[in-house]
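Derivation of every value follows stated rules applied to the coordinates shown; laboratory data play no part. Since the model is a prediction, treat every value here as computed from it, not as a measurement. In this analysis, Cβ positions are derived from the backbone assuming ideal geometry, glycine residues included, and neighbour counts consider all displayed protein chains.
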Amino acid sequence: AQSVTQLGSHVSVSEGALVLLRCNYSSSVPPYLFWYVQYPNQGLQLLLKYTSAATLVKGINGFEAEFKKSETSFHLTKPSAHMSDAAEYFCAVSQTGANNLFFGTGTRLTVIP
Amino acid sequence: EAGVAQSPRYKIIEKRQSVAFWCNPISGHATLYWYQQILGQGPKLLIQFQNNGVVDDSQLPKDRFSAERLKGVDSTLKIQPAKLEDSAVYLCASSLVSGSQVGEQFFGPGTRLTVL
């Protein structure tokens with residue numbers, strides 16, 4: 001069985017502050033992990049993915065995530081928040097690559113000017 | 001490169017009516033997915049096609065939902081009859097790779113369904 005848990009359905013940060021969105025996974029085999037972003041009235045866009053290569057993964061728009069097997073975590077970070085980062089972020093896990101994505105419930109990020 | 005297209009963008013119907021959604025994936029993408037995203041939740045996979053064959057429909061409520069992908073390109077998702085709990089955004093996605101390859105799913109903008 002596989003699942004993801006996103007801690008915090010809403011996160012607010014000030015512009016220029018560190019962004020930290022938490023994701024913990026459960027998987028019976030080494031997982032593939034993804035972070036997607038969803039802007040209002042738009043589809044999901046891939047930010048980054050972990051595919052068992054480097055544990056620190058860099059994505060688009062300055063985001064990165066670190067795979068920590070001992071903590072079963074894949075938290076998303078960005079050193080300095082920008083107003084345009086305000087969106088909903090989804091963590092997803094798959095045991096088979098691109099197929100069969102299991103999504104978390106999402107974290108809505110608000111950036112305060 | 002054109003993205004995944006979906007129509008309509010919004011649909012309001014009454015319960016027990018039927019509704020259909022259309023999806024046109026990115027050209028050349030063999031794999032197509034339909035997801036249901038209920039407000040406050042993450043997307044849930046309903047059905048996955050590989051070309052025009054069904055790979056996974058284990059979470060599709062087959063008593064009321066149906067989907068087809070004729071000729072391995074466009075796809076239609078139908079609900080008949082609709083229930084109040086079907087109110088959600090229906091997302092279509094496509095990917096180039098399949099099987100155990102790790103790829104990216106590209107999502108369309110979704111169709112927001114409201115059942116009254």
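Test of understanding: in a Gaussian network model of chain A with alpha carbons linked when under 10 Å, which of A:E88, A:E64, A:E15 would top the mean-square fluctuation ranking? The residue with the greatest mean-square fluctuation here is A:E15. With springs connecting C-alpha atoms under 10 Å apart, model chain A as a Gaussian network and identify which of A:L21, A:L48, A:L56 has the largest mean-square fluctuation. Maximum fluctuation in the GNM of chain A, among the listed residues, is at A:L56.
How much FRET efficiency would the formula 1/(1 + (r/R0)^6) give for A:L7 and A:S84, where r is the Cβ-Cβ distance and R0 is 30 Å, rounded to 0.05? That pair, A:L7 with A:S84, gives E of 0.80.
Under the criterion of Cα pairs below 8 Å and six or more residues apart, the relative contact order for chain B equals 36 percent. Applying a DSSP loop filter and a limit of 14 other Cβ atoms within 10 Å to the trypsin sites (Lys or Arg not before Pro) in segment A:28-113 leaves A:K69.
Of the trypsin sites (Lys or Arg not before Pro) in segment B:23-90, the ones in a loop by DSSP (not H, G, I, E or B) with at most 12 other beta carbons within 10 Å are B:K62, B:K83.
Listed cross-link partners B:K11/B:K62; A:K49/B:K11; B:K15/B:K71; A:K49/B:K83; B:K15/B:K44; A:K49/B:K78 are compared with a 28 Å cut-off, the Cα-Cα value being larger for A:K49/B:K11; B:K15/B:K71; A:K49/B:K83; A:K49/B:K78.
The antiparallel fraction among DSSP beta bridges confined to the protein assembly as shown stands at about 90%. Roughly how far apart, in whole Å, are the Cα centres of segment B:6-52 and segment A:30-99? About 23 Å separates the Cα centre of segment B:6-52 from the one of segment A:30-99.
Counting DSSP beta bridges with both partners in chain A, what percentage is antiparallel, nearest 5?
Approximately 85 percent, going by the DSSP bridge assignments.
On full extension, the segment bounded by B:Q41 and B:R16 gains 6.6 nm, given 0.36 nm per residue less the C-alpha separation.
In this calculation the C-beta distance from B:D56 to A:T110 is compared with R0 = 30 Å, giving a FRET efficiency of 0.30.
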